[in-house]
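One structure is given here, and the rest of the page talks about it.
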Amino acid sequence: MGPVRAAIVTASDRAALPRRLPWTLIVFLILATVPWLGSRYNVFLAEQIIIDALFAVSLNLLLGTTGLVSFGHVAYFGVGAYVCGILMKTYGVPFTLAFPAAGLGTAAFALISGYFCVRLIKLYFAMLTLAFSQIVWAICYKWNDVTGGDQGLPEIPYPHLDWMSAVPGLTDLSIGDRFYLLSLVLIAVSLAVLHRIVRSPFGRVLTAIRDNPERAGFIGVNVRAYQLAAFVVAGAFAGLAGALYGIFSRGVFADYVFWSKSAEVMIMTILGGMGYFWGPPVGAAALVWLNQEITDYTEYWSFVLGAILLLLLFAFPGGIVGGIDTLWTRLRNTRRA
Amino acid sequence: MAPSFLFSQFMGGLTTAMFLFLIASGLSLVFGVMRVINFAHGSFYMIGAYLAWQMVEWLHPSGEAFWPAALFAALGVGALGAVVERLFFRSLYGREELYQLLFTYGLVLILGDAAKFIWGTGQLSVSTPPVLAGSVQIFGTTQPLYTLFIVAIGPAIAFGGWLALNRTGVGRMVRAAQMDREMLGALGANVGTLYTGMFVVSAFLAGLSGALVTPVQGIVPGMDVLIIVQAFIVVVIGGMGSLWGTFWGSVIYGEVLSFGILIFPGFSLFSVFALMAVILIIRPWGLFGRPL
Amino acid sequence: MLEVSGLNKSFAGFRAVSNVSLTVDTRQIAAVIGPNGAGKSTLFNLITGHLRPDSGTVRLDGRDITGAAPHRICRMGIGRSFQRTNIFQKLTVFENLQAAFIVHRRRGRNFWARSDALYRDETEALLASIGLAGAENTIAGTLSYGNQKQLELGLALASDPQVLLLDEPTAGMSASETHETIALLERIAAERSLTLLFTEHDMEVVFQIARKIAVLHQGQVIAEGAPADVRNDPEVRRVYLGHGLVHTQ
């Protein structure tokens, strides 16, 4: 193991960032004003970012908090997207039911798949998550009757958001903007819940498991049960993110579930900093923005992504937030000295 | 079902199997010694294919240059492996396995686009070397000579590898490293050189298989990703780090794929991953592997 | 009362533990001694559920706990410290103990409460009693070896065990540190009415506080009883001849 001052810090908020400012509230308010202050393109970008943020934070519950390396997290994103999409498009179920159903359905799938995965040690765990993820992909790709096969499910309807006309200030917004605001609220609530979970006694036990699973067993922790619980929670929230994504991108397609997306979300998480709760959202924002900027200039986005990944691994293992944290601590120390 | 048809399917499966074995053997080797899955192994394979095409272009597009081109390609990829291991991979050894895995994935991204940049996105092909360009009739089916060559090479390499591992001094070290790396270092063996060596051999094998596949398959971007997933499945079935495991894993994979398609056309895509999942659930270390 | 009877464990033909029987009475301090490779750690692992015995039983107050999972055995009241310090390296000292308290008090299923200050008082009290007062915010991995061993003990105690198994509690310590540790152990055992079973290499320690000693050699118990009897046992002397065990004083 590397030096103790490793990049991976515990989930308990050890960030030396100025605490006095309510950062999350400020960011939320800024995001909320995008439909008015920004263009349709900005709304599109913002929605992409917040959905990916939720997806990445759900992965980090496994990766950063519990120490479970899952290469198949996109499976849950995909299941959520398909469940919500199928319910809304094929069966005309309203969003208010389809959305929680997506979460529950994904949680059920996570319970079953997770049961098998947590029984395996690190490497095999990662491979089985990958195998399950590809099985989901293969099913989505081939099951024409239900999932639309390789054609997918285009034109998922928007939820009924006419009631927003009654709210002052929201009357003139397009349906896309309204959905963005709805997503923002749902994602904010989800993140708040996840934050609570990470800081709870349950979360503390998870960090102990990450640190030393054997010792955790000897202080009375049923390690597998806790890992499975984390797996289900992470899967459920990934499913919710997927459900929103299906509506946002006006369709659900099999390539949403391809394993390269699992790699992408993992890179986002590490780019932001997997030792910090708000690392993954920062990573999501950075990656989505970078992607947009770079694909304007070149088609070699993979190369850039690979280079960023290598840079992270060799120079900035703590990610963006980790880098800021280190910088801030150093500044504070020099100021004191 | 006519026996000749069955034989044809069988040979098809065997060909796939032997190609996969050539590639997967390197992956399994690196894992056995270094305990790391090299995602970039598929990229090495792809670069081997491109390099072979390139050499054929430069030397003599008619096909006589195939053998030196294949050798050059394999050596080239071996050299690439040496550079990657020495310059980058080395510094990640003490770190978490996740970082090592992600590094190899980063390589996949970089090498994939590099190949696209150098050779474009179109499909390239190499003609079969004249000496193997014909075919023979066996059991009422027409088998291309080149296919038979590949089917023969698989077991040859497996046997050669087995000999190397069990009858040479270096092989002994490799087997010792597979069992206990720390001990080996403590005994004074130069573990660093061993790792580099293993990585280079693995890359060489990947490059060679890439070169050898070119007469049979088109060279396209994305072949790196396609092959690594299959190599992965093979190594899981057979058992990480086991040479014979990889061999038989490839055969099982090849034949399941070949005959599975007959029973149920959509079968193959789903079934291979299902097979992988089942093996991981029941016996994670594969048919021939050892519990970690 | 901890009762081990007829435990057997082999690894690929090698008999690590062979027909071991041992009883530790409630509130007794007992020791298991033996040369390296005698099977002491294996015996502990068998008791705490880390290994399943091939045959034999382990009973706690009459209740059969043979082969149960480690976390259940912990819940039943057996605590353990490890020879190589086995703490949560990257968590702070406070977080280390807090985790143990959370699990012991069954708050681990609580997804909602804020855990920042949970069990702070209990942790501070425990730290004070084991001599680590004030170290709450130190990252466990940065502690000195001796302090890590103290934290190791703290972790075992946080689960409020009735029986405490200590694997070489004074390994790697200087003479003065050893004295301190032994005094600490005696005090804590008395305060908490603990049953103590420990393994040791240091014979001074063993003869100082143990009321019962079992001697393991090549997986078998070759002597068991009061310190004086064990000291004079011919078999024990034969095995340890040259190991400096027997002090003729």
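Bear in mind that the values in this text are calculations on the coordinates, not laboratory data. Keep in mind the model is a prediction, meaning the values are calculated, not measured. Reconstructed Cβ throughout: ideal geometry from the backbone, glycine too, with neighbour counts over all protein chains shown.
Among bridges DSSP assigns within the protein assembly as shown, what percent are antiparallel (round to 5)?
That works out to approximately 60 percent antiparallel.
Sort A:224-235, A:72-83, A:264-275 by packing, meaning the average of other beta carbons within 10 Å per residue, with the highest value first.
Going from most to least packed, we get A:72-83, A:264-275, A:224-235.
Report D for the protein assembly as shown in µm² per second (integer): Stokes-Einstein, Kirkwood Rh on Cα pairs, 4 °C, 1.567 mPa s.
Stokes-Einstein gives a translational diffusion coefficient of 43 µm²/s.
Using θ = phi - 60° and the Karplus form 6.51 cos²θ - 1.76 cosθ + 1.60, what ³J(HN,Hα) does each residue of region C:86-101 get, whole Hz, x for Gly and Pro?
Once θ is set to phi - 60°, the couplings for region C:86-101 become 10, 10, 8, 4, 8, 8, 6, 4, 4, 5, 4, 6, 4, 4, 5, 5 Hz.
Taking the Cβ-Cβ separation of C:Leu184 and A:His160 as r and a Förster radius of 56 Å, what is the calculated FRET efficiency to the nearest 0.05?
Using R0 = 56 Å, I get an efficiency of 0.25.
For the pair C:Ala117 and C:Asn137, how long in nm is the line joining their label points, each one 7 Å along Cα→Cβ?
That separation, rounded to one decimal, is 1.5 nm.
Neighbour counts of other C-beta atoms within 10 Å: give me B:Thr246, B:Thr147, C:Thr66 arranged from fewest to most.
C:Thr66, B:Thr147, B:Thr246
If you take each beta carbon of peptide B:279-287 and count the beta carbons of other chains within 10 angstrom, what is the mean?
Mean number of neighbouring Cβ atoms from other chains: 4.
Output the antiparallel fraction of DSSP beta bridges having both residues in chain C, as a percent to the nearest 5.
55 percent
Taking region C:76-166, which trypsin sites (Lys or Arg not before Pro) meet the DSSP loop condition and have no more than 12 other C-beta atoms within 10 Å?
Loop-located and lightly packed - C:Arg84, C:Arg106, C:Arg114.
Which parts of region C:76-120 would a label at C:Asn36 reach, counting a residue when its backbone N lies under 19 Å from a point 7 Å out along Cα-to-Cβ?
Answer for this model: C:82-85.
Can you pull the mean other chain C-beta count within 10 Å for peptide C:100-109?
6
Between region C:96-112 and region B:1-70, how far is it from one alpha carbon centroid to the other, in angstrom?
Comparing the Cα centres of region C:96-112 and region B:1-70, I get a distance of 54 Å.
Test of understanding: express the Cα radius of gyration of region B:1-43 as a ratio to 2.2 N^0.38 Å, with N the residue count.
1.66
Please list, ordered by chain and number, the residues whose modelled amide H lies under 5 Å from the amide H of C:Val32; skip anything fewer than 5 residues away on the same chain.
Here the answer is C:Phe198, C:Thr199, C:Glu200, C:Ala214, since their amide H atoms fall under 5 Å of that of C:Val32.
Hey, what D do you get for region C:86-160 in µm²/s if you plug the Kirkwood alpha-carbon radius into Stokes-Einstein at 37 °C and 0.692 mPa s?
269 µm²/s
Give me C:Val58, B:Val151, C:Val93 sorted ascending by neighbouring Cβ count inside 10 Å, so fewest comes first.
B:Val151, C:Val58, C:Val93
Quick query: amide H of C:Gln220 versus all other amide H atoms, modeled in the peptide plane; which residues come in under 5 Å with a sequence gap of 5 or more or a different chain?
Amide H neighbours of C:Gln220: C:Ser18.
What is region A:70-206 by shape, rounded, prolate or oblate, if you read a ≥ b ≥ c off the alpha carbon gyration tensor as root eigenvalues and call it rounded for a/c under 1.5, prolate for a/b larger than b/c, and oblate otherwise?
oblate
Assuming 0.890 mPa s and 25 °C, estimate D for region B:3-223 with Stokes-Einstein, Rh taken as the Kirkwood radius over Cα pairs, in µm²/s.
Estimated diffusion coefficient is 133 µm²/s.
Can you sort A:His195, B:His41 so the residue with the fewest Cβ neighbours within 10 Å comes first?
Result, fewest neighbours first: A:His195, B:His41.
Just checking the output field for B:109-119: average partner chain Cβ neighbours within 10 Å of each residue's Cβ?
Mean partner-chain Cβ count within 10 Å for B:109-119: 5.
Please compute one quarter of the surface area of the Cα convex hull for chain C and express it in square nanometres.
Across all orientations, chain C yields a mean hull projection of 14.0 nm².
FRET efficiency for B:Gln123 and B:Phe159, Cβ-Cβ distance as r, R0 = 35 Å, nearest 0.05?
Calculated value: 0.55.
Can you bin region A:23-258 into rounded, prolate or oblate? Criterion: square roots of the alpha carbon gyration tensor eigenvalues sorted a ≥ b ≥ c, rounded for a/c under 1.5, prolate for a/b above b/c, oblate for the rest.
oblate
Please state the shape class of region A:142-249: rounded when a/c is under 1.5, otherwise prolate if a/b exceeds b/c and oblate if not, all from the C-alpha gyration tensor.
Since a/c reaches 1.5 but b/c is at least a/b, the shape of region A:142-249 is classed as oblate.
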